[in-house]
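The values are calculated or read from the model by the stated rules, or taken from the named source; none is laboratory data. Fair warning: this is a prediction, and the values are worked out from it, not measured in the lab. Backbone-built Cβ (ideal geometry, glycine too); neighbour counts: all protein chains shown. These accessible areas exclude ligands, DNA and RNA; they are computed on the full protein's heavy atoms, side chains included. Shrake-Rupley method; radii C 1.70, N 1.55, O 1.52, S 1.80 Å.
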Amino acid sequence: MVNTIEVQGIFKEFVIHHERHQSLKERLLHPGSGTSEKFRALENISFSIAAGETVGILGHNGSGKSTLLKTICGVLAPTTGEIKLRGTLAALLELGAGFQPELSGRENVYLYGAMLGLKRKEVAAIFDEIVDFSEIGKFIDTQVKFYSSGMYVRLAFAVAVNVDPDILVVDEVLAVGDERFRAKCMDRIIRFQREGRTILLVTHDADQVRRLCSRTIVLNRGELVFDGPTTEGLKVFREHLHASEDSTTNSANENIEITSVTTPSGTFDVRSGEGMHFDVAISSAKAYAGHFVMELHSRRGELISRSDAMTSPVQLKPGSNVVGIDIAALPLLDGVYDLNVGIVDEIGQNVLAWSEKAATIEVAYDGREQGIIEIAPSITQL
Amino acid sequence: MSELASAIQRRDLSDAPVRTVSARPSLRGRLANLWGRRELLGQLVVSDIRVKYKGSALGLFWSMLAPAMNLGIYYLVFSVFLKNGVPNFVIYLFSGLIVWNMFFNSVIGSTTVVIARAGLVKKVSFPREILALSTVGATVVYFFVQLAVLTVFLVLLGHQPAWSYLPLLPVAFVTLYLLAAGVSVLMSGITVYMRDMAHLIEVLLQLTFWLTPVVYSYENTIAPALARHGLSWLYFVNPMTPIVMTFQRIFYGATNVLSTNTGQVLHVLPQWSLAHFWVVNLILLGIVGIFYLLVEYLFGRLEVNFESEL
Ligand SMILES: Nc1ncnc2c1ncn2[C@@H]1O[C@H](COP(=O)(O)OP(=O)(O)OP(=O)(O)O)[C@@H](O)[C@H]1O
Ligand SMILES: [Mg+2]
């Protein structure tokens, strides 16, 4: 399998000016004044991505995700290191494509197409598809400065996915569209996956990563701390998320760990409609009052259910703890499901411990319904 | 995922060209990249012209208004009020002004172009010098419109250009283009770091205008004085001088004319032979070509930090 993206030893340093002299006059008047300092936004990042892979990039704010994507797209030159790209690339970097506000949507589509390396008649050939996809309609001839931010992103996304790129790079842009458009983008991304295109995705939405990406790269303060399967990636990401919190808020939540998930019978096989019981073993370094959460995911990564954290308080004592989960009846259909469990803080915002794919449940179902859950409708002619 | 995997089509990318993003791409690589994006340059020129004159059908007419005003004012001042005695002075003036206008508008328009398009620079990868080059491209369009107007003037006034000098025109034009492009690209990069550079540029351009023989004749004014002190070369350090003189030699035609005031002979242009003009123009083309490469190299160093300065 050929690699479409090869990142080799990328470093990126920014110079931070503490006192900016951006004019000639000031520089002449205050020579040598204004201190500056080097800031490393990326530190020795190397990885390669094979054709057809979908890779999620995770990391908390300021960890260097956007910087990494910008260097890959060639918007930003790395300080040292090299990136090799095979095939054409279309990118959507943070809100919008840099459209020219004075020009109409139509003119911007042509211009943006040219930016991505297309000839005018190549853009003309896909123009209608772009407009259809964006659902901009008659606004296509309106100046872009009158677009809403959602319309702007829709048009940008429509161009990026219709130019037939081998590599698609998306940085948190999907958050702006309305729900329907977001679903449409998701569909298109999934279609891209089937078509064997390479996709690089930055998002803070763990569900999205779980659903789309088989592989995840986690950045922390400019360093690559994890590169591997998404399930582990999400775990590493969550650990780093609260690790970095600890250093600032110094809350007493270190070393809570979910050690195991077991069932009384020892098996995770269940018949549809039957109940289930899990024992979750948790070790904690200190006493802690938090909340317990569980999630159930389908194998496609869809979230089936997430319990309400606010109604499940747990008092962890130092040492080992056991939390029981009782599910009265599991109305799931045939299939394999993943159970995630975790501990969150009192306000239900910060994840203190997380176990991704803590258990895999296999459900056997004898009925004829299709889908994910059984709702057993009774149908009568009236 | 498993049922998906079987459905995945394999895109064969084994023959696809490999692009490399590195800390400092070579000059050759950058020029090749620039050449590869000429289609984009064309589209940017068109959109530049559109943005400037959007919504006005008379766009091109308006764009010609300022140069026409300048031409009229200079003609009134130098020919009518100051009575410089040069016959058909409007032709002399016009042939120099179209050269100056192209240079001036390119540089003025380019100084802030990278800053103005920061949104684009931060989001899309393309050779950044294309922004300045598209401004220069738009002025090239106006240059040709003005050239057409000049031709109309020549016909109306029944003025014969120097036909044998006409082949110099493309050479002088390419030199002008490279010079305007070089200065514009360099300035577009420098102003990102020093925002008030734009004001300094304006002043320097004013100065250069008066050091270029556009509204006056060099031969007829300061040439003798400079020659006496052996300083003639100083005047020709300004690369715009030979370019403007070549255009004037082509369109105005004559070097010596009879004054409309006194009837005496006026030396309007240098007495250079055609061969001399060729040598001057080719040497200048070589120098300006090297200058442009130097600018490309310098701009490559400047553009690395655009993202954090914008
Ligand atoms: N142009 C710049 N000049 C100076 N520092 C910068 C510049 N761009 C980014 N940085 C710094 O680099 C670090 C990484 O920024 P980056 O935008 O890559 O973060 P991110 O992971 O995308 O964050 P977010 O989740 O908020 O989008 C930040 O600390 C930021 O302050
Ligand atoms: Mg970001």
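The figures follow:
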| item | result |
| --- | --- |
| Given (1) touching a His at 6+ places or on another chain (Cβ under 9 Å); (2) assigned to a strand (DSSP E or B), number of the condition A:Gly348 does not satisfy | (2) |
| Total residues in the stretch A:323-335, condition exposed (fewer than 12 other Cβ atoms within 10 Å of the Cβ) and in contact with a strand residue (DSSP E or B) (Cβ under 8 Å, 6 or more places away or on another chain) | 2 |
| Meets criteria (touching a residue at least 24 places away in the same chain (Cβ under 8 Å) and open to solvent by 20 Å² or more (accessible area, probe 1.4 Å)) for B:Leu258 | yes |
| Given (1) assigned to a helix (DSSP H, G or I); (2) within 13 Å of another protein chain (Cβ to nearest Cβ); (3) open to solvent by 50 Å² or more (accessible area, probe 1.4 Å); (4) more than 28 Å from A:Ile57 (Cβ to Cβ), number of the condition A:Tyr110 does not satisfy | (3) |
| Residue that is surrounded by the fewest Cβ atoms within 10 Å (Cβ to Cβ), among those in the stretch A:66-85 that are out of contact with any helix residue (DSSP H, G or I) (no Cβ under 8 Å at 6 or more places or on another chain) and β-branched (Val, Ile, Thr) | A:Thr80 |
| In the stretch A:48-78, the residues that are without any contact (Cβ under 8 Å) to a residue 60 or more places away in the chain and more than 13 Å from ligand 2 (Cβ to nearest atom) | A:Ser48, A:Gly74, A:Ala77 |
| Checking A:Thr88 against (1) within 7 Å of another protein chain (Cβ to nearest Cβ); (2) open to solvent by 60 Å² or more (accessible area, probe 1.4 Å); (3) in contact with an Asp or Glu (Cβ under 6 Å, 6 or more places away or on another chain), the condition it does not meet | (1) |
| Test result for A:Arg197, more than 16 Å from ligand 2 (Cβ to nearest atom) and crowded, with 23+ Cβ neighbours inside 10 Å | yes |
| Residues (within 13 Å of ligand 2 (Cβ to nearest atom) and under 20 Å from A:Gly52 (Cα atoms)) located in the stretch A:160-179 | A:Val169, A:Val170, A:Asp171 |
| Any chance A:Lys119 is out of contact with any helix residue (DSSP H, G or I) (no Cβ under 8 Å at 6 or more places or on another chain) and away from ligand 1 (no atom under 16 Å from the Cβ) | no |
| Helices (runs of 4 or more DSSP H) wholly inside the stretch B:105-197 that include at least 3 residues being within 25 Å of B:Pro242 (Cα to Cα) | B:129-157, B:168-193 |
| Candidate set: the stretch A:138-171, residues that are part of a loop (DSSP other than H, G, I, E, B) and more than 13 Å from chain B (Cβ to nearest Cβ); chosen: the one most open to solvent (accessible area, probe 1.4 Å) | A:Ser148 |
| Lone qualifier among A:Glu346, A:Glu356 - being acidic (Asp, Glu) and out of contact with any strand residue (DSSP E or B) (no Cβ under 6 Å at 6 or more places or on another chain) | A:Glu346 |
| Selection count, the stretch A:31-47, where residues are within 16 Å of ligand 2 (Cβ to nearest atom) and under 18 Å from A:Asn3 (Cβ atoms) | 1 |
| Residues of the stretch A:150-159 classified as away from ligand 2 (no atom under 16 Å from the Cβ) and closer than 23 Å to A:Ala206 by Cα, total | 3 |
